[in-house]
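Here's the structure, in structure tokens; my notes come after.
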Amino acid sequence: MFIKTLSRIDRIFLTTFSVLILLIGVVILRGDRTFLEVKSFNLEGKTVSPRNVQLLFEFNREVDKDSVEKGLKIEPEIPGRLSFIGKKMAFTPSNQLAYSQEYTVTLANILDTTGKPMPRTRRFHFTTQNEQILYRGTSGDEAYRIVLYDMKTGSKKIVSPLDIYVLDFAPLHHAEKIIFSGIYSRDILNKSDSEQSI
């Protein structure tokens, strides 16, 4: 009799609400059906400086720290320490990495905090840069220019603007950036032209 006294819209709402409650109950009873997975790895496929490297992983849920300590393999081996914040994990090497080295990172038998395993082994790769030096050239096209020399390949690359004569330079942020002082080459040419006309 109660149902008959409800308006049509009230019956539709009550039916929809009942179906939703039933579906929520089914989801709760079935439990969590997602698996632990790596959402991102900051160095995947990259070539990086061997200095101040940190391997950062993000998972879709929190991981069991003991299983990560046992299941994380880096080849060639790198000593370092693990740290965890929520769903993120960081591996910080104790020392600078080797130049011109390809590394393989493997995560196997990793568990989440509820004990559910990551369903498959994951492998990631990254490479460190070749050893390089910067110098100020002294002759030819390199004169008064900053040159980057690759120690492994022997290749050279002028990295300062071609229209500036570099007087001095210094690498910043572990040689990721360069600060330099210099003068425009046109200013030197204009000065020598004016001196010749006197």
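The values are calculated or read from the model by the stated rules, or taken from the named source; none is laboratory data. Since the structure is predicted, the reported quantities are computational estimates derived from the model, not experimental observations. Here the Cβ is made from the backbone with ideal geometry for all residues, glycine too, and neighbour counts use every protein chain on show.
Data for the structure
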quantity	calculated
Answer from 94, 67 - the residue that is under 30 Å from residue 172 (Cβ atoms), of a type in the set (S, T, N, Q) and without any contact (Cβ under 8 Å) to a residue 60 or more places away in the chain	94
Condition met for residue 13 (among the hydrophobic types (A, V, I, L, M, F, W, C) and either closer than 22 Å to residue 116 by Cβ or in a loop (DSSP other than H, G, I, E, B) (or both))	no
Failed item, numbered, when residue 78 is tested on (1) in a loop (DSSP other than H, G, I, E, B); (2) out of contact with any strand residue (DSSP E or B) (no Cβ under 6 Å at 6 or more places or on another chain); (3) of a type outside the set (Gly, Ala, Ser)	(2)
Residues (farther than 13 Å from residue 80 by Cβ and of a type in the set (Val, Ile, Thr)) located in region 46-67	47, 48, 63
Residue within region 66-78 that is of a type in the set (A, V, I, L, M), under 17 Å from residue 36 (Cβ atoms), touching a helix residue (DSSP H, G or I) at 6+ places or on another chain (Cβ under 8 Å) and crowded, with 16+ Cβ neighbours inside 10 Å present	no
Only one of 115, 140 that is closer than 27 Å to residue 68 by Cα and out of contact with any Lys or Arg (no Cβ under 8 Å at 6 or more places or on another chain)	115
Residue in region 104-125 that is more than 25 Å from residue 55 (Cβ to Cβ), touching a residue at least 12 places away in the same chain (Cβ under 8 Å), assigned to a loop (DSSP other than H, G, I, E, B) and aliphatic (A, V, I, L, M) present	no
Tally, over region 140-165, of residues that are of a type in the set (A, V, I, L, M) and either in contact with a Ser or Thr (Cβ under 7 Å, 6 or more places away or on another chain) or crowded, with 16+ Cβ neighbours inside 10 Å (or both)	4
Options 47, 104; residue that is at pLDDT below 95, under 30 Å from residue 132 (Cα atoms), β-branched (Val, Ile, Thr) and loosely packed, with under 13 Cβ neighbours inside 10 Å	47
In region 24-74, the residues that are basic (Lys, Arg) and either out of contact with any Phe, Trp or Tyr (no Cβ under 7 Å at 6 or more places or on another chain) or over 17 Å from residue 106 (Cα atoms) (or both)	30, 33, 51, 61, 70, 73
Residues satisfying the stated conditions in region 85-100, i.e. surrounded by 15 or more Cβ atoms within 10 Å (Cβ to Cβ) and not in a loop (DSSP other than H, G, I, E, B)	88, 89, 90, 91, 93
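Here is a yes/no grid of residues against (1) of a type in the set (Ser, Thr, Tyr); (2) part of a strand (DSSP E or B); (3) not assigned by TED's automatic domain parsing to the domain that holds residue 97:
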{"site": "144", "(1), (2), (3)": "yes, no, yes"}
{"site": "153", "(1), (2), (3)": "yes, no, yes"}
{"site": "165", "(1), (2), (3)": "yes, yes, yes"}
{"site": "170", "(1), (2), (3)": "no, yes, yes"}
{"site": "182", "(1), (2), (3)": "no, yes, yes"}
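Here is a yes/no grid of residues against (1) among the β-branched types (Val, Ile, Thr); (2) under 21 Å from the mean Cα position of the chain (by Cα); (3) under 30 Å from residue 162 (Cβ atoms):
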site: 72; (1), (2), (3): no, yes, no
site: 76; (1), (2), (3): no, yes, no
site: 89; (1), (2), (3): no, yes, no
site: 98; (1), (2), (3): no, yes, no
site: 119; (1), (2), (3): no, no, no
site: 128; (1), (2), (3): yes, yes, yes
